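Step one of this worksheet: look at the structure below.
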C-alpha cells in the first residue's frame, strides 16, 4: 500500500481509504471483518460522516460499538468525518453552532477524544466563512480536530474559506471514476468548441488543488455516474471492461484493482475512497494502490470510457 504525508499535516496516510457509510445494518462481527480486511491491506484511514446511517451519527456509533478501540488502537488509525448536511431539510448548515454540535456528536458516537480530519460536507450556499473560521479555531484549540478539509467544493468556494480560516485546507473529497471524470476530461479537450467535454464543470479543481497542496479524495470510484451503478462488468461499457480485464490479466490482479489504479496513477497523488462493505472487494480494490499503469495504459482506459483524446 502506497502511503504519503498528507500535506498540511504530519499524518502518514494510504492512497486508499475505507468509507463506512453503509455499515448501519451490519453486525459487530461484519464490521470488524470489514475493517480487519482493510487493515490487512494497509488501509488505516477511515471515512465517516454524521449523516451516514438512518439516524444521525448511526454509522459512527456502530463503528465504535463494534471495534471498541483502545487508546493504542485509536492511535494507529486516521479517522475522518464530515459535518454540514441537515438531512431532514434537506439543507446545509455551516454555522458555528451546527459545526460544534456535529463534532461533539461525532466524538461521542465514535468514542474518541479527537478527529484527525473534519470535512465540510458539500458546499453551503449560505456559508458565512467567519463562522466556519471561528468553529475551526475553537475545535483546533480544544484538541477536538487536528486538520480540516472540504468536499465537492470549487476553487472559488475554497478561496473564500481560505480568506478567513487560519488552518490549511488539507483535502477536497470529489466524485471521480474512469467514467465520471469531468475534472480531468475537460482539460484534455480544452479549446474544442464543438465538444461537450470541453465545457468546464469543475473550474479547474484538480490544478487548483495541486497548486495549493489539497489532497483530492475520490469518492464513488467505481460508479458510472451519480449513483447510477458501477461500470465494472456493466453491459453499457463493453469496450472499457475489455481493456480493464486485459490489464487485470497482465498485472495479475482483479479488475477492480485496475479501476483503483487509474486514479492512484494520477500525479496529483489522490486517495481512493472505497464504499463497499464486502471484505473481498476491499482487498481486491486495495491491490490497485501500487499498480504502475503506463501513460499508454492510463489513456487507453480513458478513451475506452468514452472520453476524447484529441
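Structure above, values below:
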item: Solvent-free Debye scattering, log10 I(q)/I(0), computed from the Cα coordinates of the chain at q = 0.11, 0.16 Å⁻¹; result: -0.67, -1.39
item: Relative contact order (%) - the stretch 98-228, alpha-carbon pairs under 8 angstrom, separation at least six; result: 22
item: Base-10 log of normalised Debye intensity for the stretch 110-206 (one unit scatterer per alpha-carbon) at q = 0.18, 0.19, 0.20, 0.25 Å⁻¹; result: -0.86, -0.92, -0.97, -1.26
item: Estimated [θ] at 222 nm from DSSP helical runs (n ≥ 4, -39500 (n - 2.57)) normalised by residues in the chain, nearest 500; result: -11500 deg cm²/dmol
item: Fewest-first ranking of 253, 199, 16, using other Cβ atoms within 10 Å as the exposure measure; result: 199, 253, 16
item: FRET efficiency, 1/(1 + (r/R0)^6) with R0 35 Å, evaluated for residue 245 and residue 128 via beta carbons; result: 0.10
item: Angle in degrees between helix 295-304 and the longest Cα principal axis of the chain, rounded to the nearest 10; result: 90
item: Footprinting exposure proxy for 45, 4, 227 (fewest neighbouring C-beta atoms within 10 Å first); result: 227, 4, 45
item: Share of pairwise Cα separations in the stretch 39-84, more than 13 Å, in percent; result: 61
item: Between 0 and 90°, nearest 10: helix 129-141 axis offset from the chain longest Cα axis; result: 70
item: Spatial separation of Cα centroids for the stretch 6-45 and the stretch 98-145, in angstrom; result: 21
item: Ranking of 298, 262, 219 by count of other Cβ atoms within 10 Å, fewest first; result: 298, 219, 262
item: Cα-based radius of gyration of the stretch 191-310 once divided by 2.2 N^0.38 Å, which approximates compact folds; result: 1.09
item: Of all DSSP beta bridges in the stretch 3-304, antiparallel share, percent nearest 5; result: 20
item: Estimated distance in nm for a label pair at residue 200 and residue 138, the labels positioned 7 Å out from Cα along Cα-to-Cβ; result: 3.7
item: C-alpha long axis of helix 96-110 to longest principal axis of the chain, angle in °; result: 80
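Taken together, the values in this text are just the output of simple stated rules run on the coordinates, not laboratory data. Quick caveat: nothing in here was measured; it's all calculated off a predicted structure. Note that each Cβ is placed from the backbone with ideal geometry, even for glycine, and that neighbours are counted across all protein chains shown.
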